[in-house]
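Since the structure comes first, as structure tokens, the remarks are kept for the end.
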Amino acid sequence: MLASALLAALLAGCGGLSPMYAGGGSGTVARALSGVEVPSIQGQSGWLVRNALVDRLGAGGKDGARYRLDVRLDERLQGLGILSDDTVTRERRTLRARFQLVDLASGDVVLDATAGADAGLDVVSSEYAVIAAEQTALENLSREVADQIVTRVAVKLRKPQ
């Protein structure tokens with residue numbers, strides 16, 4: 001009984017908290033995110049990140065866009081585990097993004113931030129398996145970076161300008 005009273009008192013103190021995506025697709029944040037235009041991003045990783053961003057933002061088209069999200073990517077594949085015969089046994093793939101949210105009406109940069117992710121992969125004797133692992137890592141990193149970007153943009157757009 002005492003525990004439930006204490007829990008009720010603690011929850012009453014959280015009156016200022018509200019879900020970010022309150023209202024679902026018609027909520028404030030969802031409507032703001034759908035007004036973000038994502039121009040093309042160079043390279044295969046750019047194509048993957050842009051597609052993930054468009055999926056997560058719900059960006060319909062450029063007609064109703066209020067913001068533009070400019071993204072520049074830095075992608076690296078680095079050999080880590082090296083044997084005495086110079087054979088690489090482990091690789092690290094990194095994907096970093098610098099992104100700017102630009103208000104189309106004023107041209108002001110509303111948000112300037114970075115996002116990044118990395119993955120390690122084993123280099124095995126099958127070249128096909130290594131290429132497949134590198135590609136899968138790139139796809140996963142692209143989704144992870146897009147998630148980070150959308151979260152930062154959503155937090156920014158949730159706050160009153």
**Residues of the stretch 113-126 that turn out to be in a strand (DSSP E or B) and among the β-branched types (Val, Ile, Thr), as a count** = 1
**Complete:** Of the residues in the stretch 148-161 that are hydrophobic (A, V, I, L, M, F, W, C) and closer than 17 Å to Arg50 by Cβ, the one that is surrounded by the most Cβ atoms within 10 Å (Cβ to Cβ) is Ile149
**Prompt:** Given the conditions (1) under 22 Å from Leu83 (Cα atoms); (2) at pLDDT 90 or above; (3) in a loop (DSSP other than H, G, I, E, B), which single one is not true for Ala129?
**Reply:** (3)
**Asked** For the subset of the stretch 61-109 comprising residues that are at pLDDT below 90 and small (Gly, Ala, Ser), which member is farthest from Arg158 (Cα to Cα)?
**Response** Ser84
**Of all residues making up the stretch 89-147, the number that are over 15 Å from Glu75 (Cβ atoms), surrounded by 14 or more Cβ atoms within 10 Å (Cβ to Cβ), more than 19 Å from the chain's Cα centre (by Cα) and not small (Gly, Ala, Ser)** = 4
**Fill in**
Residues in the stretch 15-53 that are modelled with pLDDT of 85 or more, part of a helix (DSSP H, G or I) and either among the aromatic types (Phe, Trp, Tyr) or buried (at least 16 other Cβ atoms within 10 Å of the Cβ) (or both) total 10
**Request:** Within the stretch 143-161, identify whether any single residue is touching a Ser or Thr at 6+ places or on another chain (Cβ under 8 Å) and modelled with pLDDT of 95 or more, and answer yes or no.
**Result:** no
**Message:** Pull out all pairs, ordered by first then second residue, where Cβ-Cβ is under 9 Å, the residues are six or more apart or on different chains, the first lies in the stretch 81-104 and is hydroxyl-bearing (Ser, Thr, Tyr), and the second is exposed (fewer than 12 other Cβ atoms within 10 Å of the Cβ) and part of a loop (DSSP other than H, G, I, E, B).
**Reply:** Thr89/Leu83; Thr89/Val124
**Asked** With (1) over 21 Å from Ala154 (Cα atoms); (2) in contact with a helix residue (DSSP H, G or I) (Cβ under 6 Å, 6 or more places away or on another chain) as the list, and Gln44 as the residue in question, which single condition is left unmet?
**Response** (2)
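The values are calculated or read from the model by the stated rules, or taken from the named source; none is laboratory data. In this text, all values refer to a predicted model and were calculated from it rather than measured experimentally. Every residue, glycine as well, gets a Cβ built from its backbone with ideal geometry; the counts of neighbours run over all protein chains shown.
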